[in-house]
Amino acid sequence: MLRRTWTRLYSMNSHVASQFKNQNLLKTEAFVNGKWVSSGKTFAVTDPAKDTDNELAQVTDMPTDAFESAVEDAYTAFASFKKVSGRDRGAMLQKLYQLMIDNADDLAKLIVLENGKPYADALGEVKYSASFFQWFAEEAPRVYGTVIPSADSQKRILALKQPVGVCGIMTPWNFPSAMISRKMGAAMATGCTVVIRPASETPLSALALAYLAEQAGFPAGTVNVLPSSSASASGKVLTQHPKVKKVSFTGSTRVGKILMEQSSSTLKKLSMELGGNAPFIVFEDADLDAAAQGAMVSKFRSSGQTCVCANRLYIHEKVYDEFAKKFVALVNKTKMGYGLDEGITHGPLINQKSMDKVREHIDDAVKKGAKVLAGGNKLPNLGENFHELTVLGDVTKDMVITQDETFGPVCPLIKFSTDEEVIAAANDTDVGLAGYFFSKDVSRLFTVGEELNVGMIGVNAGGISEAALPFGGVGEAGFGREGSKYGIDDYTVVKAMVVGL
Ligand code: SIN
């Protein structure tokens, strides 16, 4: 049974806690209906960069009945929150943005500890995450409807955009903060209420956000964050509870399909941000220095653990050798290590399962004739989750790495000779999240840009993510758009009213 408590039950490891300026951010209990609560059971959150002495905290493990009661609380809160003006909701979001910026250093450290990414990247994520609250603070007062002329001159049609209701939000470990704010920002801007289940690997950043949301003045019940060690049990409640009207999920295509099926019994509105297999194409006329830099950003951001990471690099045969040389030189300048140490550019994989996949992709490719141009090995001296940034040359389409998302620091280089050939190869996948190409020929904006089956394209750009981007995919990469002006639509329903004169 849910045990509500008014005392702070820290079980954050004390040597971890001592590194933080604002200790209030270190929460290990769930935030439900405006209160910090615990279930009596906990699970361990660990630092992926460490093999021993790696426990960061024991976090409360919320059972399914706690999710059910949180949904009821969010449902009750929705009745009044939907009536708060967009301007006032925007003010709360703006305050939350500012609180994140004020606490950016601590929030970044939390991300380093539970996710492993280096401090500079983690700080980047905090700013990226906060920018969604800022963006949606600005959108909140502008959730416009329309007045539509009727076929009957004695009538008018009004189309109102109304908040969809209670939203179940499930987020991954690779962006412990930003994947929450991208969804929660849009939800709160429209007047929805949220029940958030963060990834069990990274609940600390989510709980810190809940604390800041409380400080920002969001009313009790509007923002609920419940850690759980069972993604499937908590996911079932959020997808099957009749009072949850929308589910937003970022994660694998496999899990997305299960959640979609579960949601069908109550026909929920859905946003699915799922897997990727991004092609990255370097044409013969590309600026090769820019392309190599772009590939570094796109492929190796978070050590390859983002769903928009380039997964397959197609290089025109005329520039293949030169590009490979420039790219490998950049890879060799990176420094892998513990995220809070000076000068570290890349961190560990999240766990051994990820390591196994990386090894499978490398071993399969090498067995079939790929050449290791950089890296290629595990780094056990740093820790069991560390793997070198790796570049593989002479990769061919029979190798598993070209068909399956690696989600790790391995970059296959594949030669091509014509535009038609590379477009066909790039589109030879069911998942179309992001794609990239480098070329100076503007006509390729249309001949290539329009042909690639993806939701987002970087043209002469390896980094594409920001709050203004309509983020989302096509095919089995999912549907719905997050961030941007379109992000609001996913949290609203259109109500039409026909008015007789
Ligand atoms: C993701 O990997 O799921 C998101 C990446 C991004 O927002 O850039």
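The values are calculated or read from the model by the stated rules, or taken from the named source; none is laboratory data. Quick caveat, the model's predicted, so the values are computed rather than measured. No Cβ is skipped: glycine too gets one built from the backbone with ideal geometry, and neighbour counts run over all protein chains shown.
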When the stretch 273-298 is checked residue by residue, the ones that are surrounded by fewer than 23 Cβ atoms within 10 Å (Cβ to Cβ) and either within 16 Å of the chain's Cα centre (by Cα) or closer than 30 Å to A187 by Cβ (or both) are V297
Testing G383 on (1) in contact with a Phe, Trp or Tyr (Cβ under 7 Å, 6 or more places away or on another chain); (2) away from the ligand (no atom under 16 Å from the Cβ); (3) of a type outside the set (D, E); (4) touching a residue at least 60 places away in the same chain (Cβ under 8 Å), one condition comes back false. Which one is that? (1)
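For A329, are the conditions met, namely being within 16 Å of the ligand (Cβ to nearest atom), farther than 27 Å from E201 by Cα and modelled with pLDDT of 95 or more?
For A329, the condition - within 16 Å of the ligand (Cβ to nearest atom), farther than 27 Å from E201 by Cα and modelled with pLDDT of 95 or more - is not met.
Does the stretch 87-109 contain any residue that is on the phi < 0 side of the Ramachandran plot and either touching a Ser or Thr at 6+ places or on another chain (Cβ under 6 Å) or in the same structural domain as F386 (by the TED database) (or both)?
No, because not a single residue in the stretch 87-109 is on the phi < 0 side of the Ramachandran plot and either touching a Ser or Thr at 6+ places or on another chain (Cβ under 6 Å) or in the same structural domain as F386 (by the TED database) (or both).
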Based on what the data block shows, is T492 surrounded by fewer than 23 Cβ atoms within 10 Å (Cβ to Cβ), touching a residue at least 40 places away in the same chain (Cβ under 8 Å) and assigned by the TED database to the domain that holds G185? yes
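Is it the case that G339 is at positive phi, away from the ligand (no atom under 16 Å from the Cβ) and either modelled with pLDDT of 95 or more or surrounded by 20 or more Cβ atoms within 10 Å (Cβ to Cβ) (or both)?
So G339 does not fit the description; no.
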When E405 is evaluated against the numbered criteria (1) loosely packed, with under 15 Cβ neighbours inside 10 Å; (2) of a type in the set (D, E, K, R); (3) under 24 Å from the mean Cα position of the chain (by Cα), which criterion, by number, is the only one it fails? (1)
Would you be able to tell me the number of residues in the stretch 215-230 that are surrounded by fewer than 24 Cβ atoms within 10 Å (Cβ to Cβ), closer than 27 Å to D489 by Cβ and touching a Lys or Arg at 6+ places or on another chain (Cβ under 8 Å)? 2
Could we say that L379 is of a type outside the set (V, I, T) and crowded, with 19+ Cβ neighbours inside 10 Å here? no
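Only residues that are in a loop (DSSP other than H, G, I, E, B), closer than 21 Å to A324 by Cα and of a type in the set (D, E): list them for the stretch 359-394, please. Please lay out each step first, then the result.
Just the residues of the stretch 359-394 that are in a loop (DSSP other than H, G, I, E, B), to begin with: 368-370, 375-377, 379-386, 388-389, 394.
After this cut, where a residue has to be closer than 21 Å to A324 by Cα as well, the list is 368-370, 375-377, 388-389, 394.
Within the stretch 359-394, E388, D394 meet the criteria.
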How many residues of the stretch 140-193 are part of a helix (DSSP H, G or I) and among the β-branched types (V, I, T)? The answer is 2
Quick one: is K245 assigned to a strand (DSSP E or B) and either within 15 Å of the ligand (Cβ to nearest atom) or charged (D, E, K, R) (or both)? yes
Just to be sure before I move on: is V454 at pLDDT 95 or above and not in a loop (DSSP other than H, G, I, E, B) in the structure I sent? no
Assuming A122 fulfils every condition listed in (1) of a type in the set (A, V, I, L, M, F, W, C); (2) away from the ligand (no atom under 15 Å from the Cβ); (3) in contact with a helix residue (DSSP H, G or I) (Cβ under 9 Å, 6 or more places away or on another chain); (4) not in a strand (DSSP E or B) apart from one, which condition is it? (2)
Could you grab the pairs with beta carbons closer than 7 Å, sequence gap of 6+ or different chains, first residue in the stretch 286-306 and charged (D, E, K, R), second one within 14 Å of the ligand (Cβ to nearest atom)? K299/C309; K299/A310; R301/C309
If you check E405 against the conditions, is it touching a residue at least 60 places away in the same chain (Cβ under 8 Å), in contact with a Lys or Arg (Cβ under 6 Å, 6 or more places away or on another chain), closer than 30 Å to D441 by Cα and charged (D, E, K, R)? no
Going through the stretch 314-327 in order, the residues found to be assigned to a helix (DSSP H, G or I) and closer than 14 Å to V395 by Cβ are Y320, F323, A324, F327
Odd one out for V498, checked against (1) part of a loop (DSSP other than H, G, I, E, B); (2) over 17 Å from the mean Cα position of the chain (by Cα): (1)
Pairs, please: C-beta under 7 Å, at least 6 apart or cross-chain, first residue surrounded by fewer than 18 Cβ atoms within 10 Å (Cβ to Cβ) and in the stretch 73-93, second assigned to a helix (DSSP H, G or I) and not hydroxyl-bearing (S, T, Y)? G86/A140; G86/P141; R87/P141
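If we keep just the residues of the stretch 266-299 that are part of a helix (DSSP H, G or I) and of a type in the set (S, T, Y), which is nearest to the ligand (Cβ to nearest atom)?
S298
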Quick check on my filter: what residues within the stretch 300-326 are under 14 Å from P412 (Cα atoms), touching a Phe, Trp or Tyr at 6+ places or on another chain (Cβ under 9 Å) and within 16 Å of the ligand (Cβ to nearest atom)? G304, C309, A310, N311
Looking at (1) touching a residue at least 12 places away in the same chain (Cβ under 8 Å); (2) at positive phi, which is the only condition L267 fails? (1)
